[in-house]
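Asker: This is the structure, below, for whatever I ask next.
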Amino acid sequence: MLTLLKLLKDGRFHSGEALGAALGISRSAVWKQLQHLEAELNLPIHKVRGKGYQLASPLTFLSSEKIAANAAALPWPVHISDSIDSTNAEALRLIEAGCAAPFLVLSEQQTAGRGRRGRKWVSPFAQNVYYSLVLRIEGGLRQLEGLSLVVGLAVMNALHESGVQGAALKWPNDILVGHKKIAGILLELVGDPADICHVVLGIGINVNMQKANEVDRQWTSVQLETGSAMDRNQLVAGLGLQLQSYLDRHKRSGFVALQEEWEKNHLWHGREVSLIAGVNHINGVVLGVDHQGALRLSVDGVEKIYSGGELSLRLRDDS
Ligand code: ATP
């Protein structure tokens, strides 16, 4: 089915006969595969009598050559799949199999993309970026402090470079444009954080997605914000360069060196929020983050510090 899609990716018309000849199958088998493509990958295909079949919009696939052409200096090899359960899960399997870090896992599609606390990350085929970068961390808990916030800064800057000027941060690890989520981050760690461990920096960015009924919250994408489709290879390259630079600063100087920059870009700085911790809701005003990336809230006039992967922020007026 993907071979057929690769024949159609230019967005031009292809006759059923030519497609069948290229694939060595009958015209009716082509027709069946096209129906599967539309249904399973949610890709609209135009059919015009006398002309053939055309993808409603052209597709560009992920390519390690194109990524390298835009970011030659990046030091990590890239593993690209057509479809995978989750790029984080694949990264963890590769660590287990002894693959040397750093390395990057990308996929055109995730069938079980993950968010925090077992939530699902909606990951349609060839529209977005599903990105898991694996780092090896040696003997430095400090290198993990504030790491997911640092990744957020890199993602936000890559989005600014792609024309999404309104992209900003929401503690701890979301990238929003106004109220709409454009990217999410999920860090997963294996090994001993106080000795040698591997950390998977999982990033999902909505790039050319225009419809996604399964997403249960407000969302947006690069294309919806800028009005034009973007080559995902360019975004992957730009993100890699941003990550390289932010991770390097973080490694040399710790989160403290990036704390102020993070706070400046926090969408809800100074806002009244509810912090959701399981069944508890803590109301307060956002003061900022501390030197480890923990949230500083003023609760009844007293400064309190919160951290941990189970916490979610909501604005008070829509909590
Ligand atoms: P919050 O902190 O607001 O509670 P979260 O950090 O727990 O969010 P994530 O784990 O980052 O959320 O992402 C999972 C959630 O994101 C899903 O429950 C869904 O609401 C939303 N979501 C899923 N797929 C997408 C997508 N492609 N684009 C935007 N939002 C999505």
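The values are calculated or read from the model by the stated rules, or taken from the named source; none is laboratory data. None of these values were measured; they are calculated from a predicted model. All Cβ positions, glycine included, derive from the backbone under ideal geometry; neighbour counts span all protein chains shown. SASA here: full protein model, heavy atoms, side chains in, ligands and nucleic acids out. Shrake-Rupley method; radii C 1.70, N 1.55, O 1.52, S 1.80 Å.
Asker: Taking Gln165 and the conditions (1) open to solvent by less than 50 Å² (accessible area, probe 1.4 Å); (2) within 18 Å of the chain's Cα centre (by Cα); (3) more than 16 Å from the ligand (Cβ to nearest atom), which numbered condition does it fall short on, given that it satisfies the others?
Answerer: Gln165 satisfies all of (1) open to solvent by less than 50 Å² (accessible area, probe 1.4 Å); (2) within 18 Å of the chain's Cα centre (by Cα); (3) more than 16 Å from the ligand (Cβ to nearest atom) except (1).
Asker: Which one is surrounded by the most Cβ atoms within 10 Å (Cβ to Cβ) among residues in region 221-238 that are of a type in the set (D, E, K, R) and within 16 Å of the ligand (Cβ to nearest atom)?
Answerer: Per the criteria, the residue is Arg232.
Asker: Checking Val207 against (1) over 27 Å from Ala277 (Cα atoms); (2) without any contact (Cβ under 8 Å) to a residue 60 or more places away in the chain; (3) of a type in the set (Val, Ile, Thr), which single condition isn't satisfied?
Answerer: (2)
Asker: Just checking, how many residues over region 124-153 are open to solvent by less than 10 Å² (accessible area, probe 1.4 Å) and either touching a His at 6+ places or on another chain (Cβ under 6 Å) or farther than 26 Å from His266 by Cβ (or both)?
Answerer: Of the residues in region 124-153, 4 are open to solvent by less than 10 Å² (accessible area, probe 1.4 Å) and either touching a His at 6+ places or on another chain (Cβ under 6 Å) or farther than 26 Å from His266 by Cβ (or both).
Asker: Additional query: For residues that are open to solvent by 50 Å² or more (accessible area, probe 1.4 Å) and charged (D, E, K, R), scanning just region 262-280, find the one that is farthest from the ligand (Cβ to nearest atom).
Answerer: Only one residue fits best here, namely Lys264.
Asker: Here's something else I'd like to know. Could you please find all residues in region 99-123 being surrounded by 14 or more Cβ atoms within 10 Å (Cβ to Cβ) and among the hydroxyl-bearing types (Ser, Thr, Tyr)?
Answerer: Answer for region 99-123, where residues must be surrounded by 14 or more Cβ atoms within 10 Å (Cβ to Cβ) and among the hydroxyl-bearing types (Ser, Thr, Tyr): Ser107, Ser123.
Asker: Further question: How many of the residues in region 145-170 are farther than 24 Å from Arg93 by Cα and assigned to a helix (DSSP H, G or I)?
Answerer: Total satisfying the criteria: 12.
Asker: Separate question: Hey, does region 104-121 have a residue that's in a helix (DSSP H, G or I), closer than 30 Å to Ser148 by Cβ and more than 16 Å from the ligand (Cβ to nearest atom)?
Answerer: no
Asker: Turning to a different aspect of this structure: Check region 137-144 and report whether any residue there is outside any strand (DSSP E or B), closer than 30 Å to Glu38 by Cα and over 13 Å from the mean Cα position of the chain (by Cα).
Answerer: Taking every residue of region 137-144 in turn, none turns out to be outside any strand (DSSP E or B), closer than 30 Å to Glu38 by Cα and over 13 Å from the mean Cα position of the chain (by Cα).
Asker: Residue pairs, Cβ under 8 Å, 6 or more apart or interchain, first in region 29-45 and closer than 10 Å to Met1 by Cα and open to solvent by 80 Å² or more (accessible area, probe 1.4 Å), second part of a loop (DSSP other than H, G, I, E, B) and modelled with pLDDT under 90. List them.
Answerer: Partner pairs satisfying both residue conditions: His36/Met1.
Asker: Looking only at region 289-299, which residues are farther than 15 Å from Gly152 by Cα, touching a strand residue (DSSP E or B) at 6+ places or on another chain (Cβ under 8 Å) and of a type outside the set (S, T, N, Q)?
Answerer: Asp290, Arg296, Leu297, Val299
Asker: Show the residue pairs meeting these rules: Cβ distance below 8 Å; 6+ apart or different chains; first residue within region 142-157 and outside the structural domain of Asp195 (by TED's automatic domain parsing); second residue surrounded by 21 or more Cβ atoms within 10 Å (Cβ to Cβ) and outside any helix (DSSP H, G or I).
Answerer: No pair meets every condition.
Asker: Mind checking which residues of region 170-220 are more than 12 Å from the ligand (Cβ to nearest atom) and either under 24 Å from Leu297 (Cβ atoms) or β-branched (Val, Ile, Thr) (or both)?
Answerer: Gly178, Val190, Ile196, Val199, Val200
Asker: Picking from Asn283, Asn265, Asn233, which residue would you name as being over 21 Å from Ser148 (Cα atoms) and either in contact with a Lys or Arg (Cβ under 6 Å, 6 or more places away or on another chain) or touching a residue at least 40 places away in the same chain (Cβ under 8 Å) (or both)?
Answerer: Selected residue: Asn233, the only one of Asn283, Asn265, Asn233 that is over 21 Å from Ser148 (Cα atoms) and either in contact with a Lys or Arg (Cβ under 6 Å, 6 or more places away or on another chain) or touching a residue at least 40 places away in the same chain (Cβ under 8 Å) (or both).
Asker: Could I ask something else about it? Considering region 260-319 alone, what residues qualify as being among the charged types (D, E, K, R) and outside any strand (DSSP E or B)?
Answerer: Of everything in region 260-319, those that are among the charged types (D, E, K, R) and outside any strand (DSSP E or B) turn out to be Glu260, Glu261, Glu263, Lys264, Arg271, Asp290, Asp300, Glu310, Arg316, Asp317, Asp318.
Asker: Ok, one more. For region 287-312: of the residues being at positive phi and within 16 Å of the ligand (Cβ to nearest atom), which is modelled with the highest pLDDT?
Answerer: This residue is Gly293.
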